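What follows is a single structure, written as structure tokens, with notes after it.
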Amino acid sequence: MRELVAETSLGASDLILPLFYADVNREIPSMPGVFQHDRDSMLRAVHDALDAGVRCVDVFGVPTDKDDIGSGAWDPEGILNRGLRALREEFGNDIMLMADTCLDEFTSHGHCGVVTEDGVVDNDATLPLYQKMAVAQAEAGAHIVSPSGMMDGQVGAIRNALDDAGYIDVAIMAYSAKYASAFYGPFRDAVGSSLHGDRTTYQQDPANARESLLEVELDIEQGADFVMVKPALPYLAVLRAVADISTVPVAAYQVSGEYAMIQSAVHWGNREALMMESLLSIKRAGANQILTYFATEVAQKL
Ligand code: PBG
């Protein structure tokens, strides 16, 4: 009877698996069960995801060399672009490849954009770099680019650059309502972040919901094919509000800190039940797609 009347259900094809591509293979200490992959281990992880019914992976790069402007981001030989190429060669169009389109992994200061001499992130000087990065990712085989740096105008700038380069079919998943959140803690470990300071000048204030609706509207106007709310569980109210007004699919990102908290339940509760309940709740609040480090495990269960 409960199944007959259930309002929400999870499906394997709702899930997007984030992956960290490095040249080494090692487990991330703060995210037990999640790995930085080398080529072989990444291909294996994507085969497992695909076999379980996952339809999209989101690739992050973990470079060893960084500089002021993050030039490894658009270098065709940069770690992320190499990873995308390897995946596209192996999988073709069998699984959607999404690329993280942000400079923070590639900059020595760890910010998502260019930093001025006074130490502030320069929004407009960053946009041309995002354009180069997105085009390089499309060239490397990305089906979806995902600007996660919260620069104003990033979606429109990237859409123009992709169209000019002939990548009219490459989609954009916009991190529209991305909060300046402490829940990203383990991720910083995952990508070897060198961040000094915080991101409060360009990510959303946890106190506010209304400004996220404005960000969503602007991103849709500029050509976003998906909008995203991130983190997920602490921001279900924002997710509901966004889902109510969005005219494009709405994704939510269950981030590293959410993952780590649920994994810690091996010591105090029912880890699997928490995993399923948290994802179902995110779906109920209005998410069409969920980025989660549990994607393969959940898809296998489903
Ligand atoms: C930025 C980016 C971050 C995450 C995804 N993309 C970190 C940040 O904004 O500080 C966090 C993801 C997670 O915590 O799982 N490129």
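The values are calculated or read from the model by the stated rules, or taken from the named source; none is laboratory data. Not measured: the values here are computed from a predicted model. Ideal geometry is used to build each Cβ from the backbone, glycine not excepted, and the neighbour counts take in all protein chains shown. Ligands, DNA and RNA are excluded from the accessible area calculation, which covers all protein heavy atoms including side chains. Shrake-Rupley method; radii C 1.70, N 1.55, O 1.52, S 1.80 Å.
The table that follows gives values for the structure above.
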| quantity | calculated |
| --- | --- |
| Qualifying positions in the range 1-46 - touching a residue at least 24 places away in the same chain (Cβ under 8 Å) and part of a helix (DSSP H, G or I) | Ala12, Ser13, Asp14, Arg39, Met42, Leu43, Ala45, Val46 |
| Subset of the range 119-149 [β-branched (Val, Ile, Thr), within 16 Å of the ligand (Cβ to nearest atom) and over 13 Å from Val170 (Cβ atoms)] | Val121, Thr126 |
| Some residue of the range 261-277 being in contact with a Leu (Cβ under 8 Å, 6 or more places away or on another chain) and more than 14 Å from the ligand (Cβ to nearest atom) | yes |
| Residue under evaluation Ala49, criteria (1) assigned to a loop (DSSP other than H, G, I, E, B); (2) closer than 27 Å to Gly185 by Cβ, criterion not met | (1) |
| Residues satisfying the stated conditions in the range 88-109, i.e. farther than 22 Å from Ser176 by Cβ and surrounded by fewer than 24 Cβ atoms within 10 Å (Cβ to Cβ) | Arg88, Glu89, Glu90, Phe91, Gly92, Asn93, Asp94, Ile95, Ser108, His109 |
| Residues satisfying the stated conditions in the range 141-158, i.e. surrounded by fewer than 23 Cβ atoms within 10 Å (Cβ to Cβ) and more than 13 Å from the chain's Cα centre (by Cα) | Gly141, His143, Asp152, Gly153, Gly156, Ala157 |
| First in the range 135-162 and closer than 20 Å to Cys56 by Cα, second anywhere and open to solvent by less than 10 Å² (accessible area, probe 1.4 Å) and part of a loop (DSSP other than H, G, I, E, B), Cβ under 7 Å, 6 or more apart | Pro147/Cys102; Ser148/Cys102 |
| Residue within the range 188-195 that is over 30 Å from Asp23 (Cβ atoms) and of a type outside the set (A, V, I, L, M) present | no |
| Qualifying strands (runs of 3 or more DSSP E) (wholly inside the range 96-178; at least 2 residues being touching a Phe, Trp or Tyr at 6+ places or on another chain (Cβ under 8 Å), more than 17 Å from Leu84 (Cα to Cα) and modelled with pLDDT of 95 or more) | 171-178 |
| Extreme residue, surrounded by the most Cβ atoms within 10 Å (Cβ to Cβ), among residues of the range 110-133 that are charged (D, E, K, R) and over 13 Å from Tyr202 (Cβ atoms) | Lys132 |
| Residue count, the range 10-24 (criterion: over 17 Å from the mean Cα position of the chain (by Cα) and open to solvent by less than 80 Å² (accessible area, probe 1.4 Å)) | 4 |
| Search result, residues across the range 182-227 that are in a loop (DSSP other than H, G, I, E, B), surrounded by 19 or more Cβ atoms within 10 Å (Cβ to Cβ) and away from the ligand (no atom under 15 Å from the Cβ) | Ala224 |
| The range 238-252 - residue that is crowded, with 23+ Cβ neighbours inside 10 Å and in contact (Cβ under 8 Å) with a residue 40 or more places away in the chain and, of those, nearest to the ligand (Cβ to nearest atom) | Ala251 |
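This table checks each residue for (1) within 16 Å of the ligand (Cβ to nearest atom); (2) open to solvent by less than 10 Å² (accessible area, probe 1.4 Å).
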position	(1), (2)
Arg2	no, no
Val5	no, no
Gly33	yes, no
His47	no, no
Thr64	no, no
Pro76	no, no
Asn81	yes, yes
